[in-house]
């Protein structure tokens, strides 16, 4: 089995995940966690993230994940879409990764999932650890450069600089 889910109409579908770019307002460093154990991405640095559960929208999922993983409370109004990354996992499964930035929160951050995360650290976007998840590095670099969309397809670093604004314009037209 390829791992690629096909919709009944024969079109490829993507798993949707949400990611938090928690940014310190004083020095603009972002929070990463070093994944550990028998979890995806073990041994690599990644932003807090998770899947959208049935019945949740992306913002609800991210607020929940922030509370579960970091013990932080974020007002949905303090989240701003940062970048969307379309990428393919090593198993061939396509994914749509939504990254939201927040520089205001209450509580934490603390490592609330020590079984999945070895430690937390604050890093400059232009000086990320070498063991940062590839699509996370692409997302943070794109966001830092002011681009809202990136593609990491079959290890591609290709970025369509205008696609993000075209997608937003298309969604607004709906």
The one condition in (1) surrounded by 13 or more Cβ atoms within 10 Å (Cβ to Cβ); (2) under 19 Å from residue 44 (Cα atoms); (3) modelled with pLDDT under 75 that residue 155 fails to fulfil: (1)
All positions within segment 23-50 that are closer than 21 Å to residue 115 by Cα and touching a helix residue (DSSP H, G or I) at 6+ places or on another chain (Cβ under 7 Å): 46, 47, 48, 49, 50
Long-range neighbours under 9 Å by Cβ, at least six apart or interchain, first residue touching a residue at least 24 places away in the same chain (Cβ under 8 Å) and at positive phi within segment 85-110, second loosely packed, with under 14 Cβ neighbours inside 10 Å and part of a strand (DSSP E or B): 107/73; 108/73
Out of 41, 10, 33, 3, sole residue that is surrounded by 14 or more Cβ atoms within 10 Å (Cβ to Cβ) and modelled with pLDDT under 95: 41
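Would you mention how many residues in segment 90-109 are in contact with a strand residue (DSSP E or B) (Cβ under 8 Å, 6 or more places away or on another chain) and closer than 16 Å to residue 47 by Cβ?
If we filter segment 90-109 for residues that are in contact with a strand residue (DSSP E or B) (Cβ under 8 Å, 6 or more places away or on another chain), which is where we start, we get 93-103, 105-107, 109.
Subsequent filtering for residues that are closer than 16 Å to residue 47 by Cβ retains 95-103, 105, 109.
So the count comes out to 11.
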Test: residue in segment 104-116 that is within 25 Å of residue 148 (Cα to Cα) and touching a helix residue (DSSP H, G or I) at 6+ places or on another chain (Cβ under 9 Å): yes
Qualifying strands (runs of 3 or more DSSP E) (wholly inside segment 56-152; at least 1 residues being over 12 Å from the mean Cα position of the chain (by Cα), surrounded by fewer than 17 Cβ atoms within 10 Å (Cβ to Cβ) and modelled with pLDDT under 95): 94-102
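The values are calculated or read from the model by the stated rules, or taken from the named source; none is laboratory data. Just so you know, these numbers come straight off a predicted model, no measurement behind them. Methodologically, a virtual Cβ is constructed for each residue, glycine included, from the backbone with ideal geometry; neighbour enumeration extends over all protein chains shown.
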